[in-house]
1. Just to be sure before I move on: is residue 343 in a strand (DSSP E or B) and away from the ligand (no atom under 11 Å from the Cβ) in the structure I sent?
2. Given 286, 291, which one is more than 16 Å from the ligand (Cβ to nearest atom) and touching a strand residue (DSSP E or B) at 6+ places or on another chain (Cβ under 6 Å)?
3. Identify, from the list 446, 461, the residue that is surrounded by 19 or more Cβ atoms within 10 Å (Cβ to Cβ) and modelled with pLDDT of 95 or more.
4. For region 357-377, which residues satisfy the criterion of being closer than 25 Å to residue 103 by Cα and surrounded by 23 or more Cβ atoms within 10 Å (Cβ to Cβ)?
5. Under the condition of being surrounded by fewer than 22 Cβ atoms within 10 Å (Cβ to Cβ) and in a helix (DSSP H, G or I), which residue from region 303-314 is farthest from the ligand (Cβ to nearest atom)?
6. Kindly establish whether residue 319 is at negative phi and more than 24 Å from the chain's Cα centre (by Cα).
7. Does region 346-354 contain any residue that is surrounded by fewer than 24 Cβ atoms within 10 Å (Cβ to Cβ) and within 11 Å of the ligand (Cβ to nearest atom)?
8. Please work out if residue 122 is closer than 24 Å to residue 188 by Cβ and without any contact (Cβ under 8 Å) to a residue 60 or more places away in the chain.
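The values are calculated or read from the model by the stated rules, or taken from the named source; none is laboratory data. This is a predicted model, so every value here is computed, not measured. Neighbour counts run over all protein chains shown; Cβ positions are idealised from the backbone, glycine included.
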Ligand code: ADP
């Protein structure tokens, strides 16, 4: 099978969250199973340094916007192991300090930027890599279907190509005013409730849902939840109508990258049969966060997260002064909404020597948190899949999670602690149970080892995607 993935981020070229991990790993797993796989990404500034071996494979591909003017895209290609990565190079749009915006503000031309990604990808599909499946990820790639259904509807090149659309997070919907249709070269008739209109605006995410042959999301739990008003962000009705072509596939983990036996970022390697190194990782972690490493028996709670309301920081705000009274330490790595950054810094000030906070995006420190913590706290309001809790399992760091979406699907009572209601009391209950269990060495070691033995490798998820591709091709 020939599969072309389109996404707005992918490791090691550009990352803000879990989507990048998926794009960095799933294509290789599919290729490993004998399929031909390519990926299209924007050429962001952050990716440029990684394109040492890239070839220019297409020059001056016009990307039409309003009033007859166009950007010229260049396509670059670099092969990483057995996957071809194509980069859409439009410096006016992508050569910027960040991926989506700066200082908490989205770039005002994001509709043009990501329509250029979609049209660049369709150019790749026409001239460079003609796939059976176009696998699109999140709102930034939502326009592939609409272009195929309108501007390219009579173009034989694309005949028989199927579109699979994966929702990694329904909270990000790519909403723009209806006048944006002119800038992205789509007919005004697209402003219609059966097409792209969404409560008076247009939504790229809705476009992706409506104009695809199959829809997937990143856990079965989340696939169910997004059909309900509580989690549907206004799209629950649309998704419920399309439930027959909506499936959930839990993300895998790249164990080449996240494995305590081989991890090069951590102080000592360890495994399920020999946990000794984890103590050295704990001491190293405490030092990395400026905390005393004199008592290694005190449990350490770790957090690695985008600072966003999705991740449950208001629950942490409500409860931290209670749970931090006990003999416990907390390390927090994250970036995001300034309000939560300040909140975390205040917490560190209130509990000197007990709470360490680093406001930065730092992959090496993320590995140290996974390896050196005893517990990993993820009290998300909603969580499509969540990767950190799955990494935690492999590092023998026991997850304490809210039972929602992928967190509920991946954690059970033999590997971690869950609470259901989104309230502080429930969080304190689960965390309290975890801290009690920590005092019982036998019980704790069993939890740690159960988690470490769980297998969430990509090969399983890749098989599920292949089954989905086969289904849409046989329709
Ligand atoms: P989301 O995609 O919603 O942010 P996930 O749990 O699916 O959440 O994935 C988050 C990914 O981003 C993980 O690989 C995590 O380690 C990484 N990450 C998040 N914040 C940071 C940070 N401040 N520094 C380094 N890595 C981070």
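1. no
2. On inspection, the qualifying residue turns out to be 291.
3. 461
4. None - no residue of region 357-377 is closer than 25 Å to residue 103 by Cα and surrounded by 23 or more Cβ atoms within 10 Å (Cβ to Cβ), so the list stays empty.
5. Restricting to residues being surrounded by fewer than 22 Cβ atoms within 10 Å (Cβ to Cβ) and in a helix (DSSP H, G or I), the top hit is 314.
6. yes
7. no
8. Values: closer than 24 Å to residue 188 by Cβ: yes; without any contact (Cβ under 8 Å) to a residue 60 or more places away in the chain: yes.
So residue 122 fits the description; yes.
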